[in-house]
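Here's the structure, in structure tokens; my notes come after.
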Amino acid sequence: MASTMGKVVFVAPLCLVISRFMYNAHAKSVQPEPSIRIGIIGGGIGGSSCSYFLHELFGAKASIDVYEPSDIGGRIATVDIGGHTYESGASIIHPGNMYMKKFTKEFGLKHKDKIPGQKMGFYDGEKFVFLESDWVIATYAKMLWHYGWDLIKFRREIGVFVEKFSRIYDSQKKGVAYSSVEGIMNTIGGNEVVDYTKVPFLKALKDRGYKDVIIDEMMAIATRVNYGQSVNMSAFAGFVSVAGIQGGLFSVHGGNNQVCSQLLQKSRANIIKSTIKGVKLDTESATPGYYLTIAANENSNSTFHTSERYDIIVIATPLHEGKSNISFEGFPKKITNFPGRFHRTVATFVDGELNTASFGFKNMSGCPNQILTTKDNQFKINSIAHNLPIDCKVGNKESQKPVWKVFSKEPLSEKQLYALFASRKEMKVVDWLAYPHYDPQNSLPKFELHDQLYYINGIEWAASAIEMLIVGSRNTALLAYNKYNGLNDMIDVDFNQKTEL
Ligand SMILES: Cc1cc2nc3c(=O)[nH]c(=O)nc-3n(C[C@H](O)[C@H](O)[C@H](O)COP(=O)(O)OP(=O)(O)OC[C@H]3O[C@@H](n4cnc5c(N)ncnc54)[C@H](O)[C@@H]3O)c2cc1C
């Protein structure tokens with residue numbers, strides 16, 4: 001080592017002149033050729049953020065191909081109605097979501113303006129059990145009167161939950177990766193949080209001594225509006241859904257899906273507009289590798305499928321029934337269907353007027369424009385709320401045009417629409433196979449499906465949210481990197497025990 005250093009010092013000035021000249025003359029030729037090929041299936045937030053983190057870790061050594069047949073963003077999507085554009089999928093981001101905060105700042109994106117005039121009401125199918133006041137202090141006092149000490153206790157508890165969640169950022173910053181979702185849950189809060197994925201939210205709330213009124217109203221609303229489910233869902237997803245009805249939530253001005261496009265751009269990924277049909281293990285080569293079967297171009301008449309070889313594959317789309325239909329071939333242990341099912345949520349957008357009489361009001365004066373339901377009701381909806389365009393601005397009235405967004409389990413019938421709306425100028429329906437059905441009996445899939453074949457969306461079975469998928473994608477990138485470089489002591493570390501990292 002020392003003698004080599006001596007030689008380097010001696011010849012350095014001449015080398016420097018020559019290499020500078022060569023760099024200027026042939027800038028491209030001195031760039032190292034990428035030696036690792038990475039294929040990512042899916043260009044939603046999971047795939048795009050994984051591409052970003054993989055580029056950060058492997059640098060120019062890796063070339064990344066992202067396969068996405070549809071729009072970049074996946075379930076972060078928009079819909080055009082009434083001359084404006086609205087979020088149709090993932091719309092809100094929690095202020096404790098450190099990765100989303102970092103990305104919006106790094107990419108120079110702004111938060112969407114908050115426009116006053118939103119009024120919330122909790123509806124039980126017959127009446128409003130809680131109505132927001134025009135003054136924040138009065139609303140808080142009303143809530144305190146209605147829910148008592150449980151309100152303060154629950155706010156504090158969510159604060160602790162969010163703080164615990166941030167432990168995963170520390171562990172990822174230090175380069176630790178987990179082969180299973182349970183490893184991440186354990187880092188967040190030990191066995192207690194691992195158990196949250198296995199017990200019903202209702203039980204966790206009752207064990208903590210919460211009264212029926214807050215469970216039946218506020219907690220039920222959070223699970224219905226955010227996941228179309230009930231307090232019988234698993235507790236971890238329950239806590240995530242409750243965090244999603246807190247203050248300080250934001251969206252990205254101009255659309256949340258800009259984050260995905262920016263992540264892909266920064267990672268210099270090649271975006272390939274194709275569907276992946278299957279993953280096949282390369283059994284011929286001495287080095288591990290996989291072939292992706294790429295569907296024939298959908299716009300041509302050809303049915304010819306091509307295939308590409310990669311050293312690392314990341315699956316960034318749910319593998320559950322009806323979601324991505326990817327087959328696996330040649331693996332010593334079968335990679336088959338994953339248990340559990342995805343939940344259907346229909347988002348109906350209406351440019352029109354609410355039938356306020358159906359909710360007991362003569363007109364919009366006094367009637368809430370954010371109606372959140374506590375239980376199944378005659379309208380068969382989870383919520384109906386005023387939605388503002390992705391580019392609304394304070395001071396620009398035209399940009400603040402609201403449309404109604406209804407969340408329901410099934411498409412709304414003409415009879416239901418008639419009951420909900422006094423008039424309809426335009427309507428758009430987005431039918432989502434949205435997120436897992438959170439049965440506490442579900443097992444959590446692993447990130448690692450084979451040596452260098454990874455599955456980000458396993459993390460959705462703890463909770464599906466933008467930030468969860470980014471946490472899962474960084475974990476996947478770290479796992480791939482650590483394994484590729486033999487950094488086994490950075491995999492499946494009990495972060496709670498190993499403080500010297
Ligand atoms: C209605 C709704 C509201 C939501 N609200 C929120 C919210 O307010 N806040 C929040 O944080 N989260 C919310 N979520 C959840 C959030 O949207 C998801 O957790 C997250 O976007 C999932 O990202 P993903 O990249 O894992 O998957 P997706 O976004 O589903 O991306 C997967 C991509 O893979 C592509 N793909 C599928 N199969 C193949 C194939 N064979 N080959 C190639 N590509 C393929 C798909 O086209 C898709 O673009 C909501 C979800 C829905 C549906």
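Between Ala60 and Glu398, what length in nm is gained on full extension when 0.36 nm per residue of separation is reduced by their alpha carbon distance? Provide the component values of the computation, followed by the final result.
Values: separation 338, 0.36 × 338 = 121.68 nm, distance 4.60 nm.
The span from Ala60 to Glu398 would gain 117.1 nm if fully extended.
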Item checked: Lys102 versus Lys153: modelled label distance in nm, points set 7 Å from Cα along the beta carbon direction -> 3.6
Check: At q = 0.09, 0.15, 0.17, 0.20 Å⁻¹, what base-10 log of I(q)/I(0) does the Debye formula yield for the range 31-175 when every alpha carbon is treated as an equal point scatterer in vacuo?
Finding: -0.51, -1.10, -1.24, -1.37
Note to self: Considering all alpha-carbon pairs of the range 367-438, what whole percent are spaced by more than 21 angstrom?
What the structure shows: 35
Next item on the list: Return, for the Cα atoms of the chain, the radius of gyration and Dmax in Å, separated by a comma.
Entry: 25.3, 90
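Report the FRET efficiency, 1/(1 + (r/R0)^6), for Gln246 and Ala286, where r is their Cβ-Cβ distance and R0 is 60 Å, rounded to 0.05. Provide the component values of the computation, followed by the final result.
Working: r = 53 Å, r/R0 = 0.88.
After rounding, the FRET efficiency stands at 0.70.
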Margin query: Give the lysines whose C-alpha is closer than 29 Å to that of Lys334, dropping any in the same chain fewer than 8 places away, or say none.
Written below: Lys198, Lys273, Lys277, Lys280, Lys323, Lys446, Lys483
Notebook entry, point to check: Hey, what angle do you get for helix 181-196 against the long axis of the chain, alpha-carbon based, 0 to 90 degrees rounded to 10?
Noted result: 30
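For the chain, calculate the relative contact order in percent as a whole number, restricting contacts to Cα pairs under 8 Å that are 6 or more residues apart.
Worked out over the chain, it gives 24 percent.
We did not get these values from a lab; they are worked out from the coordinates using the rules stated. Just so we're clear, the structure is a prediction, and the values are computed from it rather than from any experiment. Ideal geometry is used to build each Cβ from the backbone, glycine not excepted, and the neighbour counts take in all protein chains shown.
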